[in-house]
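One structure is given here, and the rest of the page talks about it.
The values are calculated or read from the model by the stated rules, or taken from the named source; none is laboratory data. Values in this document were obtained by computation on a predicted structure and should not be read as measured data. With ideal geometry, Cβ positions are generated from the backbone for all residues, glycine too; neighbour counts draw on all protein chains shown.
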């Protein structure tokens, strides 16, 4: 039989039965099939299935495991290329670039574990379906039998999400750049129109937020490097005022900013500082009643700058213990519980500051954000 990659030969019936008996009589293999939480198949040296665990059977949609014994992985899962050659799975032109086939063949040849990513197109009810696996082939020898423990992790959803994420950031960045250009033209033409100036400012800030988010996803939080630059407190106040003035949470409420703020500059990331403070203000507005005021003040000494956001509603002591816990929210909605968590994360882990709060029945709630000066 011809092949473009792996050897096409299969075990003889007697050889296959002998391998099956070895698996069935080996207590370690049997325990492993029961205990491994992921997807597991045991193959002979001809890449044929000798055993699978229940999780893999469920993925394959197979009730009787006997129906897939002796098949190769691509044949069992329904890979559209597994029947193109008479030798079956591993022998077609496409198999030479298949991560699973490469991992299995390499592990057998090198007698070492091999891990690869595997993109498959399978036929399900007559329709093609894309599946993405992380594959690890682990060779073992029992007596004179060389076997492969094939561990599979279905990462299809993660891969699809990653692709959607990349497309989203690409397209949204293009839209934002158009918005910035158009709003900048209007801002230049009408420099005293506050609404146009706000739109332009928010378009630029949105671009910064997208850039930050892309960087966080790419590098991870511990490796994220903020854009440190000299900024002034008045600059921070200006940006916050423009951001919060049109936010729905501030409707029917008042923002009172202290008239006397320190006239100093400090080194930090303007976008991240504003992000922490805007989250504080939005939370304060959401907790307030119609007609209430939210106060923003700034203090400074020789070492630190302290921003304070105060509203008149106290926090329930039971809730207060978990204010900064990720995913915790009093609103009871899926996807909530990140506002206060992000304050702590950005303000402390990335900017090196301190974020905390006090809450008393008689004085309301004050969140504060201090930064080294």
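See the values below:
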{"quantity": "Residue satisfying all of: in the range 1-32; under 18 Å from residue 56 (Cβ atoms) and touching a helix residue (DSSP H, G or I) at 6+ places or on another chain (Cβ under 8 Å); surrounded by the most Cβ atoms within 10 Å (Cβ to Cβ) among these", "calculated": "29"}
{"quantity": "Residue that is modelled with the highest pLDDT, among those in the range 101-126 that are out of contact with any helix residue (DSSP H, G or I) (no Cβ under 8 Å at 6 or more places or on another chain) and under 16 Å from residue 59 (Cα atoms)", "calculated": "121"}
{"quantity": "The range 324-336, residues that are farther than 24 Å from residue 254 by Cα and either surrounded by fewer than 12 Cβ atoms within 10 Å (Cβ to Cβ) or modelled with pLDDT of 60 or more (or both)", "calculated": "324, 325, 326, 327, 328, 329, 332, 333, 334, 335"}
{"quantity": "Residue within the range 316-323 that is surrounded by 17 or more Cβ atoms within 10 Å (Cβ to Cβ), at pLDDT 80 or above and in the same structural domain as residue 267 (by TED's automatic domain parsing) present", "calculated": "yes"}
{"quantity": "Filter result (touching a strand residue (DSSP E or B) at 6+ places or on another chain (Cβ under 7 Å) and either surrounded by fewer than 21 Cβ atoms within 10 Å (Cβ to Cβ) or not assigned by TED's automatic domain parsing to the domain that holds residue 102 (or both)) within the range 54-67", "calculated": "55, 59, 65"}
{"quantity": "Within the range 51-90, tally of residues that are more than 36 Å from the chain's Cα centre (by Cα) and either touching a residue at least 24 places away in the same chain (Cβ under 8 Å) or under 12 Å from residue 150 (Cβ atoms) (or both)", "calculated": "6"}
{"quantity": "Scan of the range 143-193 for residues that are part of a strand (DSSP E or B), farther than 24 Å from residue 120 by Cα and either modelled with pLDDT of 90 or more or outside the structural domain of residue 42 (by TED's automatic domain parsing) (or both), ordered by number", "calculated": "146"}
